[in-house]
Amino acid sequence: MSKYIFVTGGVVSSVGKGIAVASIGTILKSRQISVTVQKLDPYLNVDPGTMSPYQHGEVFVTQDGAETDLDLGNYERFINVCLTADSNVTSGQIYSAVIAKERRGDFLGGTIQVVPHVTNEIKSRFKRLAESSGADVVLVEVGGTVGDMEGQPFLEAIRQMRNDVGRDNVLCIHVTLLPYLVTTQELKTKPTQHSVNELRRIGIQPDIIICRADYPIPEAIRSKISQFCDVKREAVIPLETIPVVYEVPLVLEKEGLGILVVDMLNLKGEAPDLSHWEKMVASHKEPHEPVNIALVGKYVELKDAYYSVRESLYHAALYHDRELKVTWVSSEDLETGDADVLLRSAQGIVVPGGFGIRGIEGMIKAATYARENNIPYLGLCLGMQIMVIEFARHVFKSPLPNSTEFNEQTPYPVIDLMESQRNVREKGKTMRLGNYPCKLCEGSRAADAYGVGLIHERHRHRYEFNNRFREQLEGAGLVCSGLSPDEQLVEVCEIASHSWMVGCQFHPEFGSRLGQPHPLFQGFIGAAKGVLREGAQTVLPLST
Ligand code: GLN
């Protein structure tokens with residue numbers, strides 16, 4: 001039977017609860033204890049697929065095609081697992097399921113209430129994931145902060161779980177923030193005491209408290225939290241802000257969290273082996289020559305919108321012994337600005353995924369700049385479509401080639417709505433989503449990067465390359481190097497005469513891991529690192 005670890009957050013949101021959960025998973029897995037993870041999102045959307053990046057940041061796509069919270073990306077990257085739709089539960093899903101059952105008459109005339117109907121539905125999701133994964137431990141993160149109105153049913157369900165599956169099989173970890181007062185130069189524990197009180201009011205006593213802080217946490221503060229919150233002294237785990245998130249598992253392990261969790265849940269594990277993480281973090285800390293990458297998108301002021309892209313670039317840079325420097329270029333600024341100035345130091349250009357017309361011409365300008373100056377270019381989903389539009393404008397010597405997403409009347413619809421999308425009216429979960437196979441053409445850059453002929457990658461799009469233009473564009477030097485098995489969908493494109501200009505219709509950024517960078521990112525950074533640009537390279541001091 002699986003054991004459960006529930007992780008709640010207190011004081012403020014964005015305190016790094018997702019990274020803490022991913023790190024707990026990592027330290028358990030390093031003991032050969034199998035782990036799966038679930039994120040509970042209290043909002044009423046069924047999934048984040050319909051939400052603006054301004055609301056939610058990146059939408060992470062699982063292999064089975066669920067549009068999920070970006071924390072799932074951290075779980076996958078840290079624990080090195082591939083999660084499924086069962087790993088993201090929202091209030092929207094829970095209420096839809098309960099109401100659908102009511103409409104079917106499943107409740108036999110009963111009055112439908114939050115307790116027990118909604119809480120039973122929530123608990124069934126915990127148990128469903130435990131059964132389908134067979135994991136030793138199911139780690140469950142509750143989104144938001146204790147005290148949020150929408151989060152109450154989730155907390156009540158967790159409280160009930162302690163009785164349902166036995167107290168020895170459930171552990172509650174609370175992640176809080178200790179704010180720092182500059183005037184008195186001290187960390188304060190009161191907000192933590194209040195949020196623990198709020199949890200207790202619901203009936204949950206945390207077993208472990210992880211304290212985030214921007215400054216070192218003195219022993220006296222740990223003792224105080226232990227006393228006021230009724231948690232063992234060694235179960236108050238300090239977690240000071242550190243620059244590399246991948247170091248968090250090492251910090252938590254050092255603070256004794258691994259032993260504590262194993263003891264409290266009576267788990268059978270082996271001696272922890274975090275040598276892989278230690279090696280990676282040590283390598284990060286060594287000085288490296290930089291590699292300068294320009295990321296051209298419309299949400300550059302909101303880094304969370306491209307979370308997995310940035311992580312994938314980081315994994316690949318570390319692989320190539322380079323320090324990643326990302327210049328975030330607003331595609332709107334590029335529309336009116338000078339590419340020579342905005343992209344001057346870029347050794348490589350990435351155009352990530354996106355929707356809508358805002359900033360599109362700026363992205364096309366970035367692709368022109370990359371093609372004409374032979375700068376490595378990686379186009380991700382929309383970024384591939386941009387690359388095709390740009391190439392078509394060059395070949396047809398016309399500014400009119402476009403995607404029908406941006407101009408329905410274009411005489412050159414080189415990117416067009418997929419046949420299967422023509423009758424789709426609903427927005428939620430209706431894109432081409434999740435893993436699809438793709439054949440790579442021998443000798444192409446993509447095939448070289450992957451080293452295999454057949455790949456499976458995650459998708460999230462409605463538009464695609466229009467085959468009507470394939471012959472003409474191929475004749476002019478576009479290589480359609482990745483195709484669906486029936487050869488009807490172009491999944492990867494490259495420019496034959498360019499050093500490394502590759503676009504893919506899928507999202508490779510969801511599959512990259514620390515120590516196992518995604519082949520396309522690895523190939524891209526490999527090409528970019530050798531490019532000489534103004535102001536991009538710094539000469540490292542000779543070691544003495
Ligand atoms: N908007 C484009 C489409 O729907 C690209 C989507 C994306 O980049 N994920 O096809």
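The values are calculated or read from the model by the stated rules, or taken from the named source; none is laboratory data. This is a predicted model, so every value here is computed, not measured. Every residue, glycine among them, receives a Cβ derived from its backbone with ideal geometry; neighbour counts consider all protein chains shown. Ligands, DNA and RNA are excluded from the accessible area calculation, which covers all protein heavy atoms including side chains. Shrake-Rupley method; radii C 1.70, N 1.55, O 1.52, S 1.80 Å.
When both bridge partners sit in the chain, DSSP labels roughly 35% of those beta bridges antiparallel.
Going highest first, how would you order 340-347, 207-214 by mean Cβ packing within 10 Å?
207-214, 340-347
Residues whose amide H lies under 5 Å from that of Ser481, counting only those 5 or more places away or on a different chain, are Val492, Cys493, Glu494; hydrogens are built 1.01 Å from N in the peptide plane. Rounded to two decimals, the Cα-based Rg/Rh of the stretch 259-321, with Kirkwood Rh, is 1.18. Here the chain is treated as an ellipsoid with the same Cα gyration tensor; its semi-axes, largest first and in whole Å, are 43, 29, 20.
With a 1.4 Å probe and every protein chain kept in, tell me what percent of the accessible surface of the chain is carbon plus sulfur. Don't skip to the answer; put the middle values down first.
Details: 11490 of 22840 Å².
That share works out to 50 percent.
Which translational diffusion coefficient, to the nearest whole µm²/s, is obtained for the stretch 1-102 from the Stokes-Einstein equation, given a Kirkwood hydrodynamic radius over C-alpha pairs, 4 °C and 1.567 mPa s? Walk me through the intermediate numbers first.
Working: Rh = 14.6 Å.
Estimated diffusion coefficient is 89 µm²/s.
Shape verdict for the stretch 404-544, please, from the Cα gyration tensor: rounded (a/c under 1.5), prolate (a/b greater than b/c) or oblate. Because a/c hits 1.5 or more and a/b exceeds b/c, the stretch 404-544 counts as prolate. Working note: Cα gyration tensor of the stretch 142-252, eigenvalues times five, square-rooted, sorted largest first, giving semi-axes of 25, 16, 14 Å.
Take 522-530, 160-168, 306-314 and order them by the average number of nearby Cβ atoms within 10 Å per residue, most first; the result is 306-314, 522-530, 160-168.
At 20 °C and a viscosity of 1.002 mPa s, what translational diffusion coefficient does Stokes-Einstein give for the stretch 28-170, taking Rh as the Kirkwood radius over Cα pairs? Give it in µm²/s as a whole number. Estimated diffusion coefficient is 134 µm²/s.
Applying a DSSP loop filter and a limit of 16 other Cβ atoms within 10 Å to the GluC sites (Glu not before Pro) in the stretch 148-206 leaves Glu150. Contact order for the chain, expressed relative to its length and based on alpha carbon pairs under 8 Å spaced 6+ residues apart, stands at 15 percent. When the listed pairs Lys39/Lys188; Lys39/Lys123; Lys29/Lys285 are checked against a 19 Å cut-off, the alpha-carbon distance exceeds it for Lys39/Lys188; Lys29/Lys285. With only Cα atoms counted, the stretch 416-463 has Rg and Dmax values of 14.1, 41 Å.
For the stretch 74-118, the pair-distance distribution built from all alpha carbon pairs, in bins 5 Å wide starting at 0, is 5, 18, 22, 15, 11, 9, 9, 8, 4, 0 percent.
Structural descriptor for the stretch 301-454: relative contact order 13 percent, calculated from alpha carbon pairs under 8 angstrom and at least 6 residues apart. Axis of helix 190-202 versus longest Cα principal axis of the chain: the two differ by about 70°, to the nearest ten degrees.
In the full protein context, the stretch 247-400 carries 40 Å² of accessible surface per residue, based on a 1.4 Å probe and ignoring ligands, DNA and RNA.
Determine the shape class of the stretch 313-437: with a ≥ b ≥ c the square roots of the Cα gyration tensor eigenvalues, call it rounded for a/c under 1.5, and otherwise prolate if a/b is greater than b/c, oblate otherwise. Oblate.
In terms of the Cα gyration tensor, with a ≥ b ≥ c the square roots of its eigenvalues, is the stretch 243-295 rounded because a/c is under 1.5, prolate because a/b exceeds b/c, or oblate? It would help to have the intermediate numbers written out before the result.
Details: a/c = 3.47, a/b = 2.82, b/c = 1.23.
Prolate is the answer for the stretch 243-295, as a/c is 1.5 or above and a/b outweighs b/c.
Please compute the volume of the convex hull spanned by the alpha-carbon atoms of the stretch 265-382 and report it per residue in Å³. It would help to have the intermediate numbers written out before the result.
On the way: hull volume 17.2 nm³, N = 118.
So the per-residue hull volume is 146 Å³.
As I understand it, the value is the acute angle between the Cα axis of helix 519-528 and the longest principal axis of the Cα atoms of the chain; what does it come to in degrees, rounded to 10? For 519-528 against the chain, the angle is about 60 degrees. What do you get for the angle between helix 152-165 and the principal long axis of the chain? Use alpha-carbon atoms, 0 to 90 degrees, nearest ten. For helix 152-165, the angle is close to 60 degrees.
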